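These notes concern the structure reproduced below.
The values are calculated or read from the model by the stated rules, or taken from the named source; none is laboratory data. Quick caveat: nothing in here was measured; it's all calculated off a predicted structure. In this analysis, Cβ positions are derived from the backbone assuming ideal geometry, glycine residues included, and neighbour counts consider all displayed protein chains. Side chains included, ligands, DNA and RNA excluded: accessible areas come from the protein's heavy atoms. Shrake-Rupley method; radii C 1.70, N 1.55, O 1.52, S 1.80 Å.
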Amino acid sequence: MSTNDWPLWEIFIRGAHGLSHRHVGSLHAPDAEMAIKNARDVYTRRKEGVSIWAIESSAIAASSPEDKGSLYDPADDKVYRHPTFFDIPDEVGAM
Amino acid sequence: MGDNSLVLGHRVSEWCGVAPVLEEDIALANTALDLIGQTQLWLGLAAECEDRGRDADALAFRRDVWEFRNLLLVEQPNRDFGHTMMRQFLFDAWHSLVLAALKSSDNSAIAAIAEKSLKEVTYHMERSSDTVIALGDGTVESHKRMQAGLDRLWPYVGEMFQTDEHDLIDVAVLRPAFDELINDVLRTATLSIPTDNFTHKGGKTGARHTEHLGHMIATMQFLPRAYPDAKW
């Protein structure tokens, strides 16, 4: 038996209620149910999470690194898109 | 209870670093750690009740083989991965039923350990059942190995349900629930339960362990015996 026979899964864990799921890594598993069980053992053994998502890596559409010029460079000179020009009163707290 | 979790915990830990795939390696190490954690609780309580100045470590590392009271099933060597998972499955099924019964023990210390352990064991049972089904109903080779594991381990099942005067509960009454639990999984796994009900016994009484336990204990106890009271 080898992991080459098993598809790769991307694992997302929600660290606490109210937070969003974050990508924590990937692992091999024969099916979705085992992917969640493996994720439980590999990624939550130190109380890291309250919820697990597993998504087969092949189902993820990814942008291509060669396209980074056209995808991201145009945002370089558009600082006005960052809401950094507002004064936030202290009493508002963390945003 | 403590000797069962100690011996099986050590056996399962023998897979650490050499399991067939990384994910199983980590899962088995987690199971081993759960069992060793339970051992600390059970043997800690035993030492306290005994009140002869021994602690859990002394009970684990300074008793010789004939003083162990574990089931013969858990001292069986790992052999292949399929055999290991079949042993785990048969033990988990028994373990979960016994812990569920001990949860309502009049002794609050016992009830507390049972309740904590049952959460871990419920997961062990889910995982070992899934693996038994996946491999039993898998390839020709995996099916053959799972059936061989079941055939080889079946003679050790009967001992789990022999009640003696030291038992906290009547384990014999749990047999029908056990049969129901394993029949479901084994049927789905396309495995056949052996019809011969010959039973090896002598593990839980300590009268006759198999030859495997002494070797395992020699390895497990080497360090504390070679360096008594070592600290690190």
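Some points to look at:
- Scattering from segment B:1-55 was approximated by placing one identical point on each alpha carbon and applying the Debye formula without solvent; log10 I(q)/I(0) at 0.28 1/Å stands at -0.96.
- Once backbone amide H atoms are built at 1.01 Å from N, A:A29 has A:W9 as its partners under 5 Å, excluding neighbours fewer than 5 places away on the same chain.
- Extent along principal axes [Cα atoms of segment A:3-90; Å; largest to smallest]: 50, 40, 16
- Residue with peak Gaussian network fluctuation, chain B [Cα springs, cutoff 10 Å], from B:S117, B:S105, B:S13: B:S105
- Rg ratio (alpha-carbon, reference 2.2 N^0.38 Å) - segment B:2-97: 1.12
- Note on B:K116: lysines with a C-alpha under 18 Å away, same-chain residues under 8 apart excluded, are A:K47, B:K103.
- Projected over every direction and averaged, the convex hull enclosing the alpha-carbon atoms of the protein assembly as shown yields 25.1 nm².
- With Cα atoms, 0 to 90° folded angle of helix A:32-43 axis to chain A main axis: 70
- Overall form of chain B per C-alpha gyration tensor (a/c, 1.5; a/b vs b/c): prolate
- Residues A:I60 and B:H212, FRET efficiency given R0 of 51 Å [Cβ-Cβ distance, rounded to 0.05]: 0.60
- For the set B:L8, B:L118, A:L19, the ranking by accessible area, highest first and with no ligand, DNA or RNA atoms included, is A:L19, B:L118, B:L8 under a 1.4 Å probe.
- FRET efficiency estimate (nearest 0.05) - Cβ-Cβ, B:L168 to B:F61, R0 35 angstrom: 0.90
- Translational diffusion coefficient (Stokes-Einstein; Kirkwood radius from C-alpha pairs) of segment B:108-188 at 25 °C, 0.890 mPa s, in µm²/s: 167
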